[in-house]
Amino acid sequence: MGEAIVITSGKGGVGKTTTSANIGTALALQGKRVCLVDTDIGLRNLDVIMGLENRIIYDLVDVVEGRCKIHQALVKDKRFEDLLYLLPAAQTSDKTAVTPEQMKELVDSLKQDYDYVIIDCPAGIEHGYRNAVAGADKAIVVTTPEVSAVRDADRIIGLLEKEENVEPPKLVINRIRSHMMKNGDMLDVDEITTHLSIDLIGIVADDDEVIKASNHGEPIALNPNSKASIAYRNIARRILGESVPLQPLDEVQGGVFSKLKKFFGVK
Amino acid sequence: MKKTQNVLIKGTKDGLILHLDDQCSYEDLKKELLDKLTENQRVHKDYPLITVSFKIGNRYLTDEQKEELRTLIRQEKNLVVGNIDSNVLTKTEVEKMMKEEEIVSVARIVRSGQVLEATGDLLLIGDVNPGGKVVAGGNIYVMGALRGIAHAGVYGNQDAVISASVMKPSQIRISDVITRAPDVFLDDDKREMECAYIGENGQIMIDRLQVLMHLRPNLNRLEGGH
Ligand SMILES: Nc1ncnc2c1ncn2[C@@H]1O[C@H](COP(=O)(O)OP(=O)(O)O)[C@@H](O)[C@H]1O
Ligand SMILES: [Mg+2]
């Protein structure tokens, strides 16, 4: 019996889908059986980032409405040997086509076959959010170092804390620009974690490679040489229970030189 | 047939006080009050307005009965009604009073979009984040950082205070007085261990926590001791 993790944020465009794709990929790289579930009905794009769009035949709404069996709708990621699958969202249906009860049932049955079910949540706190959270055991909240994103993350954490079946959420801070943080032009990691007071599970740099990779349908986590990839792989290892220290800010982005300077007390 | 008086009228500098016997029936009381009022009418004719209060001892009057007494008084030209003072409280009134006296402690974070309410004093062991709100009939004590909205004395208590370990609220309200935070709190502005109260000018003042012991001595509930 696997576990289901919902990736959520409140605010749109902070990197939920990118995080879902990369955490899923990184877990599969660790040899886990993973099913990605896109619950953003009407605005699906997890399939695009994964490069699986062309292989979609059925979708989540087809499964829920009984037009096909779950396994018929799952799209296999050929880069992995039977480890990574995607259940795509419907592109056409109405958001209310699925109920939270149906979602829970669906996720529960996926948990029978997969080690991890990663649920990509739509923006907002309405119907789509409730669907995405319905079957989850754990939650990861994604935010960027911006006041409005942190505010929405706080709102979502408040809602998640009321979900009896969901463990206390963990935090990913995405799109960090270390020079802006150091200059105080962006909220820093400490400020964000004390404000939200939940455990940090990872920080990811703002990295053009992430966008390039997504546009090619190759999640960055597949590329072993990028900082962002290491960040996502570290998050996956922490999910698996390893205690991987956080990358120092200077290593999240940029070289190690500035860290050395700091060590020697040079400003 | 008549023996003792059920209605005793006493004049004080604040007006008349009517002591109503609490053993006789309400009907007798009403009748006697009416008699007394008509009897005394002439005497007061040219006097200025006089306040009439009641002391009703151990009698319990329903709201309708109280209103009846008030109407009797109001019918007299130069009389206005003061308060009706009884030794008796209903269970609901007592429960309400106890709730208002009570300190409720809560350990959590009040997050954006959340509201935490208490009838009496509120002791929050945690933060109030921006967009979050705490409301209390009495005082509010935040053991963490107050960065959202706090509203103390929500039923009208002007003496209510708000204190916080880190005082960076977006808005503070005490009773019906509102104050907004400065647009930015500077980073080196720690705002630690502060309190908010309504000052003599009727505005909300923010000061060191320690001023409260002088300004609101009634915050002390500990009896005895040294
Ligand atoms: N770490 C990152 N560095 C650079 N761009 C990123 C990063 N994470 C996400 N993005 C970009 O931000 C945009 C929104 O990301 P997406 O994952 O679709 O957000 P959401 O699902 O929360 O709406 C996309 O264009 C994506 O490529
Ligand atoms: Mg998305």
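The values are calculated or read from the model by the stated rules, or taken from the named source; none is laboratory data. Owing to the predicted nature of the structure, the values given are computational and were not obtained by experimental measurement. FYI the Cβ positions are ideal-geometry reconstructions off the backbone, even for glycines, and counts take in every protein chain you see.
At a glance:
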{"item": "Evaluation of A:Val147 against (1) within 13 Å of chain B (Cβ to nearest Cβ); (2) in contact (Cβ under 8 Å) with a residue 12 or more places away in the chain; (3) at positive phi; (4) of a type outside the set (Asp, Glu) (one fails), failing number", "result": "(3)"}
{"item": "Tally of residues being part of a loop (DSSP other than H, G, I, E, B) and either within 15 Å of ligand 1 (Cβ to nearest atom) or surrounded by 14 or more Cβ atoms within 10 Å (Cβ to Cβ) (or both) across region A:166-219", "result": "14"}
{"item": "Lone unmet requirement of (1) within 16 Å of ligand 2 (Cβ to nearest atom); (2) at pLDDT 95 or above; (3) touching a helix residue (DSSP H, G or I) at 6+ places or on another chain (Cβ under 8 Å) for A:Gly24", "result": "(3)"}
{"item": "A:Lys32 away from ligand 2 (no atom under 16 Å from the Cβ), part of a loop (DSSP other than H, G, I, E, B), closer than 24 Å to A:Ser229 by Cα and under 19 Å from the mean Cα position of the chain (by Cα)", "result": "yes"}
{"item": "Region A:187-209, residues that are in contact with a strand residue (DSSP E or B) (Cβ under 9 Å, 6 or more places away or on another chain) and away from chain B (no Cβ under 13 Å)", "result": "A:Val189, A:Asp199, A:Leu200, A:Ile201, A:Gly202, A:Ile203, A:Val204, A:Ala205, A:Asp206, A:Asp207"}
{"item": "Selection within region A:169-186 - within 14 Å of chain B (Cβ to nearest Cβ) and within 16 Å of the chain's Cα centre (by Cα)", "result": "A:Pro169, A:Leu171"}
{"item": "Lone qualifier among B:Thr51, B:Thr62, B:Thr4 - being under 27 Å from the mean Cα position of the chain (by Cα) and loosely packed, with under 11 Cβ neighbours inside 10 Å", "result": "B:Thr62"}
{"item": "Flag for A:Glu163 being among the charged types (D, E, K, R) and modelled with pLDDT of 95 or more", "result": "yes"}
{"item": "Subset of region B:1-32 [in a helix (DSSP H, G or I) and either under 17 Å from B:Tyr60 (Cβ atoms) or not assigned by TED's automatic domain parsing to the domain that holds B:Leu49 (or both)]", "result": "B:Tyr26, B:Glu27, B:Asp28, B:Leu29, B:Lys30"}
{"item": "Scope region A:7-38; condition polar (S, T, N, Q) and either within 14 Å of ligand 1 (Cβ to nearest atom) or in contact with an Asp or Glu (Cβ under 9 Å, 6 or more places away or on another chain) (or both); matching residues", "result": "A:Thr8, A:Ser9, A:Thr17, A:Thr18, A:Thr19, A:Ser20, A:Asn22, A:Thr25"}
{"item": "Any chance B:Ala160 is more than 12 Å from every other protein chain (Cβ to nearest Cβ) and closer than 15 Å to B:Asp207 by Cα", "result": "yes"}
{"item": "Among the candidates A:Val48, A:Val61, residue that is within 15 Å of ligand 1 (Cβ to nearest atom) and among the aliphatic types (A, V, I, L, M)", "result": "A:Val48"}
{"item": "Unmet criterion (only one of (1) within 16 Å of ligand 2 (Cβ to nearest atom); (2) within 14 Å of another protein chain (Cβ to nearest Cβ); (3) of a type outside the set (Gly, Ala, Ser)) for A:Pro219", "result": "(2)"}
{"item": "Test: residue in region A:63-85 that is more than 14 Å from every other protein chain (Cβ to nearest Cβ), farther than 23 Å from A:Ala153 by Cβ, within 16 Å of ligand 2 (Cβ to nearest atom) and touching a residue at least 40 places away in the same chain (Cβ under 8 Å)", "result": "no"}
{"item": "B:Lys13 being more than 14 Å from chain A (Cβ to nearest Cβ) and surrounded by fewer than 12 Cβ atoms within 10 Å (Cβ to Cβ)", "result": "yes"}
{"item": "Subset of region A:36-54 (residues that are of a type outside the set (A, V, I, L, M) and within 9 Å of ligand 2 (Cβ to nearest atom))", "result": "A:Asp38, A:Asp40, A:Arg44, A:Asn45"}
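Listed here are the residues, each with its yes/no results for (1) assigned to a loop (DSSP other than H, G, I, E, B); (2) over 16 Å from the mean Cα position of the chain (by Cα); (3) away from every other protein chain (no Cβ under 14 Å).
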{"position": "B:Leu122", "(1), (2), (3)": "no, yes, yes"}
{"position": "B:Pro130", "(1), (2), (3)": "yes, yes, no"}
{"position": "B:Tyr141", "(1), (2), (3)": "no, yes, yes"}
{"position": "B:Gly144", "(1), (2), (3)": "no, yes, no"}
{"position": "B:Tyr155", "(1), (2), (3)": "yes, no, yes"}
